[in-house]
Amino acid sequence: MSAEIAGFVHNYLPGERDGSGVTLLLLHGTGGNEDDLIPLGQQLLPDAAILSPRGKVSEHGAPRFFRRLAEGVFDHEDLVFRTHELADFVSQAADQYGFDSAKLVAVGYSNGANIAASLMLLHPNLLRAAVLFRAMVPFEPEEMPDLSGVPVFLAAGRRDTMIPPDNTERLAGILRQAGANLDLRWKNTGHPLTYEELEEARGWLTRTVQ
Ligand code: MLT
């Protein structure tokens, strides 16, 4: 059942006792909600806790994590505000639910992956690791954050019409420059996720954060 912290409607599911202690921060795509990615999170890392908020911005009724001016053109001021707001929600949720915030791993799809990337750029110490499905550059950082050794799995589709491949490559460049330990996987596919990618992400997560 959904609850609310700092104005974020969300789900929290505790992890297995004696498990990895990881909490997956699930961030849905445009038009999704706090329920959408739960089966995916449970498949990716079955013993992990799950924190899954609903984006607060409504685009003609479709929930998002920040405003955009057009497809792929972001409202920078809103993006920065929403990124700090989400970081604040996460730390309040850690206090309330008692999960280990040092073991927080973001899993984002599309708009959710973009705010996860923004979280990494503006709060480089918040995430232990990130899985970004179909992500693009949220903004060009004026100062490069220190993401030394932060593991990032970035899964992209060469035929994605929403996320231009050269934009994903630019994001990969920023993450590498910031020192992240990037695993970039290209598939000959479009915006929707494929079973193969989920399997690869599952293997990567199990090796990386267990
Ligand atoms: C975004 O607005 O974050 C991207 O265009 C992807 C999306 O719409 O989910």
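The values are calculated or read from the model by the stated rules, or taken from the named source; none is laboratory data. Quick caveat: nothing in here was measured; it's all calculated off a predicted structure. Reconstructed Cβ throughout: ideal geometry from the backbone, glycine too, with neighbour counts over all protein chains shown. Each accessible area value is taken on the protein alone, full model and side chains, heavy atoms only, with ligands, DNA and RNA left out. Shrake-Rupley method; radii C 1.70, N 1.55, O 1.52, S 1.80 Å.
Using a 1.4 angstrom probe on the protein heavy atoms only, line up 168, 161, 189 by accessible area, largest first. List each step's numbers first, then the result.
Numbers: 168 5, 161 125, 189 25 Å².
These residues rank, largest area first, as 161, 189, 168.
Would you mind working out the magnitude of the charge dipole of the chain relative to its Cα centre, with +1 at each Lys and Arg C-beta and -1 at each Asp and Glu C-beta, to the nearest 20 Debye? It would help to have the intermediate numbers written out before the result.
On the way: 18 positive and 28 negative charges, 77 e Å.
Value, rounded to 20: 380 debye.
Using a probe radius of 1.4 Å on heavy atoms only, what accessible surface per residue do you get for the stretch 3-209? Whole Å² is fine. Walk me through the numbers on the way to the answer.
Details: 8920 Å² over 207 residues.
For the stretch 3-209, the per-residue accessible area is 43 Å².
Give a residue-ordered list of calculated ³J(HN,Hα) values for the stretch 49-59 (Karplus: 6.51 cos²θ - 1.76 cosθ + 1.60, θ = phi - 60°; whole Hz; x for Gly, Pro).
Each residue of the stretch 49-59 in turn: 6, 10, 10, 10, x, 9, x, 7, 8, 10, 9 Hz.
By Kyte-Doolittle mean hydropathy of at least 1.0 and Cα axial length of at least 15 Å, which whole DSSP H helices of the chain are selected? Walk me through the numbers before you get to the answer.
Working: long enough: 76-97 (31 Å, -0.51); 111-122 (16 Å, 1.25); 165-177 (18 Å, -0.91); 195-209 (21 Å, -0.89).
Helix filter hits for the chain: 111-122.
Relative to the compact globular guide of 2.2 N^0.38 Å, what is the alpha carbon radius of gyration of the stretch 4-156, as a ratio? Show your work: numbers first, answer last.
Working: Rg = 14.3 Å, N = 153, 2.2 N^0.38 = 14.9 Å.
Computed over Cα atoms of the stretch 4-156, the ratio equals 0.96.
Tally up the carbon and sulfur contribution to the accessible surface of the stretch 3-209 as a whole percent, 1.4 Å probe, everything protein left in place. Don't skip to the answer; put the middle values down first.
Details: 4110 of 8920 Å².
Of all accessible area on the stretch 3-209, carbon and sulfur atoms account for 46 percent.
Show the residues, 5+ positions off or on another chain, whose built amide H is closer than 5 Å to the amide H of residue 154.
The answer is 132, 183, 184, 185.
Enumerate the amide H contacts of residue 15 below 5 Å, restricted to partners 5 or more residues apart or on another chain; note that Pro and chain-start residues carry no placed amide H.
Under 5 Å from the amide H of residue 15 lie the amide H atoms of 49, 50, each far enough along the sequence or on another chain.
Roughly what % of DSSP beta bridges within the stretch 3-209 run antiparallel, to the nearest 5?
On the way: 12 of 36 bridges.
Counting DSSP beta bridges with both partners in the stretch 3-209, the antiparallel share is about 35 percent.
Which value at 222 nm does the chain reach when only helices count, each DSSP H run of 4 or more adding -39,500 (n - 2.57), with the total divided by all residues and rounded to the nearest 500 deg cm²/dmol?
Working: 5 runs with 69 residues, N = 210.
It lands at -10500 deg cm²/dmol.
Can you give the FRET efficiency for residue 91 and residue 2, using 1/(1 + (r/R0)^6), R0 = 22 Å, r = Cβ-Cβ distance, to the nearest 0.05? List each step's numbers first, then the result.
Working: r = 20 Å, r/R0 = 0.89.
After rounding, the FRET efficiency stands at 0.65.
For the stretch 110-174 and the stretch 1-51, compute the distance between their C-alpha centroids and round to whole Å.
20
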